[in-house]
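Undergrad: Next up is a structure, given as structure tokens.
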Amino acid sequence: MPRRSFVQTSISILCAAVFATTIENCCVAGAIHIRNHEAGSTIRYPVALLRGELTDREATAVTVENESSQRASKKIAGVARDGQFRALAELVPGENHLRLTAGADSKEFVLHYKPQTNPYFVRVIYMTDSSGETAYQSQFANDAQDYADKLDTSIKLLQTFTAERLHDIGLGRHTFNLEYDADGRIKIHTLKAEKPAAYYHTMKDGDWYDDVYGWVKRQFPDPRYKNIVIAAFTRFDPKQKRVFSHTALGGGDLGLFGGGSLFTWPSSLQDTFRVFGDATEIDATKVHEDSAYRKTVWGTAATTMGATLHEMGHAFGLPHCRDERCIMTRGFDRLNRVFTLVEPVSQQNREPILFDDQSTAYFAPISATALRASRWFQLDAREYGAEPQAPRLRLDDAGDLRIRAEHGLRYVVFSVKGDACGHRAFWDAATAPTELVLKAEEIEKLSACGNGRDWTVGAIDDEGTTRHISQADLKRAGLFLRRWQFSKLTTPWPDVEKFSDVSVERLKAIQDDALQAAATESDDGMVDFLPQFPQDQRENLAGYAVIKFESPEARKVKLLTGSDDSLRVWLNGKLVQQKLALRSARPDNEETTVELAVGSNMITVEVLQATGGWGVYCRLVDEQGAPLVNDDAGKLVKRSSP
């Protein structure tokens, strides 16, 4: 570690002394000092976390009363210890007059709450089985089964946690938006699934996730929503000592979590501090114990609420993180520490644990920076380009990565095996690059946790449009059919459970129209349909692209495809492949043997779009597996594998 200069050391000592004196003077003058909010400031979410100091070091509680509110949450008792306190205040839109009391001391404090206008939301769904039964499993007799209260409280706390921790690392109090009713409660969508609980209990986690993903997309096709789904029918079977329908998975537009620990979550903001101080032992003979081996109510609530935020992070596009405190690792087990001052005893600690902020869960900068760039974290509505163009990435022969971002690049992250390794951020709008070249040497440093191999790169532009692609996909991009002509003609797709009818005559008109268009080349193998169509023509319809090439001989080849969403493929007018599915595009999901004609051949792809991403991977290989691509002259030639 380099030695600090005398000047650096002196400045550090002076700053520390000034800070300590300032805090001491504030505490003496005000008795109750709030250190994480400025009086009269404005926040954009309803639950304020107040952190600060008391001159009364014997106080064990701080009560916050919102004199501007008539809600049940008007008065909330927080916790205090050794002159420190944590408290919550639920705000109403506009000016909020808060009165804090601790023993004989009191303080008046004003905060303003201005609801977000960002139209990109997180939707909360409570998923029952087909019976509509909402009861969750609990070890407590006479459990109130107040799932809506628990979800309303806990998701608000996750929203507050996110804002507070982004602020703590210098990114401002940015957080996701939620749907609220007129009383300020989160709208909980209680929905019946299509099958009974027994059906879902037999499913593997990945299959269940895919099933729920399609189900949610059919219920709510709006691409501006990220969906967090909590399952009501998660059950622990004491005889088999197994838990059914419990998972924690996230990605795309969905975070899915089993509700087997919902009974430990707080039912109100007033209940928050009781829950995080509750050392009641979890009875693992009755319910699923999910607490990082702490086996207590507080540990289970911390782990499962934190894991829910973790899966939401994946839905926002975050990979895992290597910082042990980060929510995107097992840091989520310590989510409770942001709201408390001491951890009670558990199976892992026989004495209460006092902790500092350096051992508290947060979003590490590598994760928080990506959230800050997301459309879901912009706080206010803004106009986005009518023709969104995700950043384009190309790996050249020298191993340098070339990134193009029409609207300016904000964030680049490298991850290896799902773990974020290194990132670059560009926050000055005036200097945000539209083109960036990362040399092979820098890539090796940014992907150091995997020794520069097998990495995935993600890029986010100024409009929050994201692109992730693996090193392997970049390397093999040249193995795909990439120069396509798009038709302006489309076909409505009102029913995602069946293909739309396309007559022979209609298909011919589509092909003729496409052949009049200029060719568009994909630079990473995925043929992206979104930029080819106006904003109002990107949902519930089918788009078409064609590619023509010359084959030197009649031959059998393999056609490999993967699409977002459903797909039909015609070769020389004959339907040769079809797949009906709501899914993300991945290479080589389908494989079909087809016969090329000698001379001219034409492939027509129909990619059916529900919402969200829209595109297709398409390639040909010979019977020995060698890739076949169209060269600059339009001839089909063999190419070496990467």
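The values are calculated or read from the model by the stated rules, or taken from the named source; none is laboratory data. A quick note: this is a predicted structure, and the numbers were derived from the prediction, not measured. Backbone-built Cβ (ideal geometry, glycine too); neighbour counts: all protein chains shown.
Undergrad: Tell me the strands (runs of 3 or more DSSP E) entirely within the range 576-630 that contain at least 3 residues that are in contact with a strand residue (DSSP E or B) (Cβ under 6 Å, 6 or more places away or on another chain) and under 30 Å from Asp211 (Cα atoms).
TA: Because the criterion is at least 3 residues that are in contact with a strand residue (DSSP E or B) (Cβ under 6 Å, 6 or more places away or on another chain) and under 30 Å from Asp211 (Cα atoms), the strands (runs of 3 or more DSSP E) in the range 576-630 that meet it are 590-596, 599-609, 615-621.
Undergrad: Right, something else. Given Val64, Val122, which one is assigned to a strand (DSSP E or B) and either without any contact (Cβ under 8 Å) to a residue 24 or more places away in the chain or over 21 Å from Ile188 (Cβ atoms) (or both)?
TA: Among Val64, Val122, only Val64 is assigned to a strand (DSSP E or B) and either without any contact (Cβ under 8 Å) to a residue 24 or more places away in the chain or over 21 Å from Ile188 (Cβ atoms) (or both).
Undergrad: Inspect all residues belonging to the range 89-106 and state whether any of them is buried (at least 17 other Cβ atoms within 10 Å of the Cβ) and within 25 Å of the chain's Cα centre (by Cα).
TA: no
Undergrad: So Lys187 passes all but one of these: (1) of a type outside the set (Phe, Trp, Tyr); (2) crowded, with 17+ Cβ neighbours inside 10 Å; (3) over 18 Å from Ser131 (Cα atoms). Which condition number does it fail?
TA: Here Lys187 meets the rest and fails (2).
Undergrad: What is the number of the single condition among (1) in a helix (DSSP H, G or I); (2) of a type in the set (Asp, Glu); (3) within 30 Å of Arg402 (Cα to Cα) that Asp323 does not meet?
TA: (1)
Yes/no per residue for (1) in contact with a helix residue (DSSP H, G or I) (Cβ under 8 Å, 6 or more places away or on another chain); (2) assigned by TED's automatic domain parsing to the domain that holds Ala459; (3) of a type outside the set (Ser, Thr, Tyr):
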position	(1), (2), (3)
Ser470	no, yes, no
Thr491	yes, no, no
Val496	yes, no, yes
Asp501	no, no, yes
Asp512	no, no, yes
Ala518	no, no, yes
Phe529	no, no, yes
Gln535	no, no, yes
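Undergrad: Within the range 266-320, which residues are touching a Gly at 6+ places or on another chain (Cβ under 8 Å), of a type in the set (Gly, Ala, Ser), under 20 Å from Tyr147 (Cα atoms) and in a loop (DSSP other than H, G, I, E, B)?
TA: Matches in the range 266-320: Ser291 only.
Condition check ((1) crowded, with 22+ Cβ neighbours inside 10 Å; (2) touching a residue at least 40 places away in the same chain (Cβ under 8 Å)) across all residues:
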| residue | (1), (2) |
| --- | --- |
| Gly252 | no, yes |
| Gly259 | yes, yes |
| Ala292 | no, yes |
| Ala302 | yes, no |
| His310 | yes, yes |
| Cys326 | yes, yes |
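Undergrad: Any residue at all in the range 577-586 that's within 26 Å of Leu395 (Cβ to Cβ) and surrounded by fewer than 18 Cβ atoms within 10 Å (Cβ to Cβ)?
TA: yes
Undergrad: Out of everything in the range 493-519 that is among the small types (Gly, Ala, Ser) and assigned to a loop (DSSP other than H, G, I, E, B), what residue ends up being surrounded by the fewest Cβ atoms within 10 Å (Cβ to Cβ)?
TA: Ala518
Undergrad: Just a yes or no: is a residue in the range 589-597 modelled with pLDDT of 95 or more, of a type in the set (Ser, Thr, Tyr) and more than 16 Å from Arg568 (Cβ to Cβ)?
TA: Yes: one or more hits.
Undergrad: Please count how many residues of the range 321-352 are hydroxyl-bearing (Ser, Thr, Tyr) and over 17 Å from the mean Cα position of the chain (by Cα).
TA: Total satisfying the criteria: 2.
Undergrad: Quick one: in the range 61-88, of everything that is among the charged types (D, E, K, R) and either touching a Lys or Arg at 6+ places or on another chain (Cβ under 7 Å) or over 21 Å from Thr42 (Cβ atoms) (or both), which residue is surrounded by the most Cβ atoms within 10 Å (Cβ to Cβ)?
TA: Arg86
Undergrad: Same structure again: For the condition among the hydrophobic types (A, V, I, L, M, F, W, C) and touching a Gly at 6+ places or on another chain (Cβ under 8 Å), what is the one hit in Leu515, Leu479, Leu474? First the steps, then the outcome.
TA: Values: Leu515 fails: touching a Gly at 6+ places or on another chain (Cβ under 8 Å); Leu474 fails: touching a Gly at 6+ places or on another chain (Cβ under 8 Å).
Every option except Leu479 fails the conditions.
Undergrad: Limited to the range 320-340, what total is found for residues that are over 18 Å from Asp356 (Cα atoms) and polar (S, T, N, Q)?
TA: 1
Undergrad: Hey, another quick one. Check Asp222 against each of (1) acidic (Asp, Glu); (2) assigned to a helix (DSSP H, G or I); (3) under 18 Å from the mean Cα position of the chain (by Cα) and name the one condition it does not meet.
TA: Here Asp222 clears every test but (2).
Undergrad: Determine whether Lys239 is free of Cβ contacts under 8 Å to residues at least 40 places away in the same chain and either part of a loop (DSSP other than H, G, I, E, B) or in the same structural domain as Leu166 (by TED's automatic domain parsing) (or both).
TA: Judged against the criteria, Lys239 is a match.
Undergrad: A further question on this structure: Among the residues that make up the range 503-510, is at least one of them modelled with pLDDT under 95 and either in contact with a Leu (Cβ under 7 Å, 6 or more places away or on another chain) or among the aromatic types (Phe, Trp, Tyr) (or both)?
TA: no
Undergrad: Test Thr611 against the criterion of being outside the structural domain of Arg467 (by TED's automatic domain parsing), under 30 Å from Lys226 (Cα atoms) and out of contact with any Ser or Thr (no Cβ under 9 Å at 6 or more places or on another chain), and give yes or no.
TA: In short, yes.
Undergrad: Looking at Arg375, Arg322, Arg334, which is the one that is buried (at least 21 other Cβ atoms within 10 Å of the Cβ) and either within 25 Å of Tyr213 (Cα to Cα) or in contact with a strand residue (DSSP E or B) (Cβ under 9 Å, 6 or more places away or on another chain) (or both)?
TA: Residue meeting the stated conditions: Arg334.
Undergrad: Please go through the range 528-574 and pick out each residue that is part of a strand (DSSP E or B), closer than 23 Å to Asp210 by Cβ and polar (S, T, N, Q).
TA: Thr561, Ser563, Ser566
Undergrad: So, one more: If you scan the range 135-192, which residues turn out to be among the hydrophobic types (A, V, I, L, M, F, W, C) and either outside the structural domain of Ile125 (by TED's automatic domain parsing) or not in a loop (DSSP other than H, G, I, E, B) (or both)?
TA: Of everything in the range 135-192, those that are among the hydrophobic types (A, V, I, L, M, F, W, C) and either outside the structural domain of Ile125 (by TED's automatic domain parsing) or not in a loop (DSSP other than H, G, I, E, B) (or both) turn out to be Ala148, Leu151, Ile155, Leu157, Leu158, Phe161, Ala163, Leu166, Leu178, Ile186, Ile188, Leu191.
Undergrad: Let me ask something else. Report, by residue number, each residue of the range 414-456 that is small (Gly, Ala, Ser) and either at pLDDT 95 or above or outside any loop (DSSP other than H, G, I, E, B) (or both). Even if it seems obvious, please write down each step before you answer.
TA: Narrowing the range 414-456 to residues small (Gly, Ala, Ser): 415, 418, 420, 422, 425, 429-430, 432, 440, 447-448, 450, 452.
Ser415, Ala420, Gly422, Ala425, Ala440, Ala448, Gly450 - these are the residues of the range 414-456 that are small (Gly, Ala, Ser) and either at pLDDT 95 or above or outside any loop (DSSP other than H, G, I, E, B) (or both).
Undergrad: Among the residues of the range 541-561, is any farther than 30 Å from Glu383 by Cα, hydroxyl-bearing (Ser, Thr, Tyr) and either at pLDDT 95 or above or not assigned by TED's automatic domain parsing to the domain that holds Val212 (or both)?
TA: The answer is yes; a qualifying residue exists.
Undergrad: Kindly indicate the residue of the range 354-365 that is under 19 Å from Thr329 (Cβ atoms) and among the hydrophobic types (A, V, I, L, M, F, W, C) and also surrounded by the fewest Cβ atoms within 10 Å (Cβ to Cβ) among those meeting that condition.
TA: Among those that are under 19 Å from Thr329 (Cβ atoms) and among the hydrophobic types (A, V, I, L, M, F, W, C), it is Phe355.
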